[in-house]
Amino acid sequence: MSMTPVMIAAMVAAGSPAPARATDTGDRDIRALAARFQHAIEHRDKAAFLSLFLRPEATNWQEVMSDRAVAKDPTSKGIKAAFDPGNSPTAFIDSIVSRKGHSQEDFRNIRINRDGDSAAMSFDYSFRMDGVEVNAGMEHWLLVRSNDGWRIVSVTWSVR
């Protein structure tokens with residue numbers, strides 16, 4: 001079958017097929033980072049935990065308490081989002097490593113928004129100590145894709 005001028009024009013107008021792109025693994029890689037976060041908590045692995053952060057010492061690490069949580073916690077002194085310079089990824093994992101019981105954080109309803117090498121991940125969480133829920137709410141991470149892969153630069157969570 002010979003090509004007519006109309007067929008040639010239609011093919012040119014349609015353009016050539018798009019080149020095959022490398023598989024985008026961003027969401028999968030971010031979910032894997034979250035699984036490593038959970039694993040490090042459960043296995044008290046400080047080095048693995050801190051490796052998930054771009055700069056653990058400079059990571060924004062902020063809790064915000066609901067009105068109900070503030071009312072139940074006299075140590076909050078009525079402050080919903082107190083800044084504590086001692087509150088950090090390092091202090092968090094140190095507290096887990098030093099205690100004898102089992103710690104576990106569960107994630108549900110994970111949502112990831114990415115734009116190239118920056119991302120935001122939000123999820124519902126439940127933090128348990130020895131099987132007893134001690135915190136629950138929503139957690140938000142800001143992440144960047146560094147030369148070493150996805151790393152956390154900010155963690156903010158609510159306490160209900």
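The values are calculated or read from the model by the stated rules, or taken from the named source; none is laboratory data. Source: prediction; values computed, not measured. What goes into the accessible areas is simple: the full protein's heavy atoms, side chains included, and nothing from ligands, DNA or RNA. Shrake-Rupley method; radii C 1.70, N 1.55, O 1.52, S 1.80 Å.
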Keeping the other protein chains in place, figure out the carbon and sulfur percent of the accessible area of the chain, with a 1.4 Å probe. 55
When the helices in the chain are scored as -39500 (n - 2.57) per DSSP H run of 4 or longer and the sum is shared across all residues, what 222 nm value do you end up with, to the nearest 500 deg cm²/dmol? -8500 deg cm²/dmol
With every protein chain kept in place and a 1.4 Å probe, segment 60-131 has an accessible area per residue in Å² of 59
May I ask you to derive the relative contact order of the chain, considering only C-alpha pairs under 8 Å and at least 6 residues apart, and to give it as an integer percent? 23
Checking the cross-link filter: which aspartates and glutamates have an alpha carbon closer than 13 Å to that of K80, excluding same-chain neighbours under 8 positions apart? E63, D67
Compute the length gained on full extension between R36 and K80: take 0.36 nm times their separation in residues and subtract their Cα-Cα distance, giving the result in nm to one decimal. 12.9 nm
Would you mind calculating the relative contact order of segment 72-160 from Cα pairs under 8 angstrom and at least 6 residues apart, reporting the percent as a whole number? 19
